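Here is the structure we will look at.
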Amino acid sequence: MLNRRELNRAALCIALGAWALPRPSNGQEAPRWRSDPFGLGVASGMPREGSVVLWTRLAPLGEESAERDARPPCQVRWEVFADEALRQRVAAGEQVTDAARAFSVHVQVNGLAPQRSYWYRFTCGDAASPVGRTRTAPAAGAAVARLRLALASCQHYEYGFYAAHREIAGRDLDAVVFVGDYIYEGHIGPSLAQRRHDGPVPLTLDEYRARHAHYKRDADLQAAHAAHPWILTWDDHEVVNDYASDREPAPTGTEQFLRRRAAAYRAYFEHMPLALAPQGPDMRIHDRFAWGDLADIWTLDCRQYRSHHACADPQMDHGRMLTNCAELADPARTMLGTAQERWLAEGVATSKARWKLLAQSTQVSATSIETAQGRQTWTDGWDGYPVARQRMLQAMADAKLRNAVTLGGDVHRFIAADLRVRPNEADSPVVASEFVGGSVTSRGASRAAMDKMRLDNPDIAHARGDERGYAFLDIDRGAARCEFRATPHPALKDAPLGRQALYVVEDGRAGVMAG
Ligand SMILES: [Fe+2]
């Protein structure tokens, strides 16, 4: 039997996805850097029993893409330690990276102990990265008393500062769950901007890389990555606002859009602690994580496989508010795609964990409002896919699922809601609960608009779009507590966050209650 040390030595650094890693060139010299190559920071993700993925990317400040593309492959050393002082090294290895992957590094470290913190760093030539801290998941089925998560999304750089990430970085958490709109492709008006994107609206791989790198240079975002493992999914702005599978709002045509999607997905992968690289315009991001016997966490992909918008405007196919659209009721329409929908339904039905957390991009509860013209529905969210939503919730009802909670983003509001198979109908039982974690910076709707939405949708217990922040989830065997941590819009550099509201879901009782 291997002892601990031998087991750790057996930790593997594996080539990820379809990316064959380059070999070191003979006689390669350790680079001497003129400026820090680790200016984008470090990150970890995909926490599992005994493994995590570590990430960094060598990107010296000011380096042009032509300069980068001319740089030879280089060898990056990674080390994992059991202690914060970096005295007990438990795993180490080397990986060669090159211009083809924009000098990104993804290392899957296996053979770690479950449910424990580790510290890690990278070195390359004469440069060393900041030290990151990560945490593995508990062993499968292990009795786990508590899970603490931050739920965050929607961090438009121009709308403000990452006060939410500053607070997240300082908290004791098991993981950060980020549910999309990590970058924004578009710009906002100068009168609204607190700071500016640089570069054009990205269309090409290099432009998406530049946008990701610009975001990653934010110190508070870096600190949140360095402090916790992240569990990730995406929404639309990682590619372009309101895209739906192979179609973007502008009528560019499928082929052209899929080239753009491929560039965006690849740049996304190059900047995230993920294990599965994209293949052209396709990238598997939906996944499942287990936290012992306490929680299973699904990450869902609500963009790549969805049906096109119902009653789409052929000139410019953005989501829109519609009053009469018979297509909405078409049962062939899907949000997750057939394969992901089936995978989820089977997964939740057979999950033995006490809590089933469904991390996905947007708001599940109905948000349509009464107007003089009739009831208006937003076609880009789950309201635009009502039959698919009903199938998902009916599958939970059929499985007599206890303790299902959806965790969402996208809509730039804090939401606590009950989820029924037939939304807002009192005789349709509540089968699950919903929390949406606001937005880190992106602007949301006014209090009056949110009050109106709540009035017209009695399943929604709480709706605020006028503040920025994130949600802190504290989950134990008896309850899932969700605290909305917020600051007025826009989020300013040193803004303190406070409690906007606290909601609780009790074990065995679907639905949210004010805490
Ligand atoms: Fe957003």
Condition check for Val90: open to solvent by less than 10 Å² (accessible area, probe 1.4 Å), aliphatic (A, V, I, L, M) and touching a residue at least 24 places away in the same chain (Cβ under 8 Å) = no
query = Among the residues of segment 493-507, is any out of contact with any strand residue (DSSP E or B) (no Cβ under 7 Å at 6 or more places or on another chain) and at pLDDT below 95?
reply = yes
ask   = Got at least one residue in segment 328-346 being farther than 30 Å from Lys400 by Cβ and modelled with pLDDT of 95 or more?
value = no
query = In the set Ala169, Ala137, which member is open to solvent by 10 Å² or more (accessible area, probe 1.4 Å) and either over 14 Å from Ala471 (Cα atoms) or in contact (Cβ under 8 Å) with a residue 40 or more places away in the chain (or both)?
reply = Ala169
task = For segment 406-433, name all the residues that are open to solvent by less than 10 Å² (accessible area, probe 1.4 Å), under 27 Å from the mean Cα position of the chain (by Cα) and more than 16 Å from the ligand (Cβ to nearest atom).
result = Thr406, Ala416, Ala417, Leu419, Ala432, Ser433
ask   = Are there any strands (runs of 3 or more DSSP E) wholly within segment 260-376 with 3 or more residues that are surrounded by fewer than 18 Cβ atoms within 10 Å (Cβ to Cβ), and if so which?
value = 369-371
message = Between Pro72, Pro47, which is outside any strand (DSSP E or B) and in contact (Cβ under 8 Å) with a residue 12 or more places away in the chain?
response = Pro72
ask   = Any residue at all in segment 202-209 that is part of a loop (DSSP other than H, G, I, E, B) and open to solvent by 20 Å² or more (accessible area, probe 1.4 Å)?
value = yes
query = Which residues, taken from segment 132-186, are within 16 Å of the ligand (Cβ to nearest atom) and farther than 19 Å from Leu407 by Cα?
reply = His156, Tyr157, Glu158, Tyr159, Gly160, Tyr162, Ile183, Tyr184, Glu185, Gly186
ask   = Just wondering, is there one or more residues in segment 321-334 that are within 22 Å of the chain's Cα centre (by Cα), under 19 Å from Val177 (Cβ atoms) and of a type outside the set (A, V, I, L, M, F, W, C)?
value = no
task = Filter segment 438-456 down to the residues that are open to solvent by 40 Å² or more (accessible area, probe 1.4 Å) and either assigned to a helix (DSSP H, G or I) or not polar (S, T, N, Q) (or both), then identify the one that is nearest to Thr371 (Cα to Cα).
result = Lys452
key: All positions within segment 38-56 that are closer than 20 Å to Phe103 by Cα and open to solvent by 10 Å² or more (accessible area, probe 1.4 Å)   = Gly39
note = Conditions (1) buried (at least 21 other Cβ atoms within 10 Å of the Cβ); (2) within 28 Å of Arg477 (Cα to Cα) -> Ile183 fails only (2)
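Quick grid of which residues meet (1) out of contact with any Pro (no Cβ under 7 Å at 6 or more places or on another chain); (2) among the basic types (Lys, Arg):
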site	(1), (2)
Arg146	yes, yes
Gly160	no, no
Ala163	yes, no
Arg171	yes, yes
Gly180	yes, no
His187	yes, no
Ser191	yes, no
Gln194	no, no
His197	yes, no
message = Considering only residues that are open to solvent by less than 10 Å² (accessible area, probe 1.4 Å) and more than 16 Å from the ligand (Cβ to nearest atom), which ones fall in segment 229-259?
response = Pro229, Trp230, Ile231, Phe257
Of all residues in segment 203-228 being within 16 Å of the ligand (Cβ to nearest atom) and touching a residue at least 60 places away in the same chain (Cβ under 8 Å), the one that is farthest from Val52 (Cα to Cα) = Tyr215
inquiry  = Looking at segment 106-119, I want the residues that are not assigned by TED's automatic domain parsing to the domain that holds Ser44 and have a partner that is part of a strand (DSSP E or B) and β-branched (Val, Ile, Thr) with Cβ atoms under 9 Å, at least 6 apart or on another chain. Which pairs are those?
reply    = none
task = Give me a count of the residues in segment 477-512 that are over 17 Å from Leu407 (Cβ atoms) and surrounded by fewer than 18 Cβ atoms within 10 Å (Cβ to Cβ).
result = 13
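The values are calculated or read from the model by the stated rules, or taken from the named source; none is laboratory data. Note that the coordinates shown come from a computational prediction; the quantities given were computed from them, not determined experimentally. No Cβ is skipped: glycine too gets one built from the backbone with ideal geometry, and neighbour counts run over all protein chains shown. Only protein heavy atoms, including side chains, enter the accessible area calculation; ligands, DNA and RNA are left aside. Shrake-Rupley method; radii C 1.70, N 1.55, O 1.52, S 1.80 Å.
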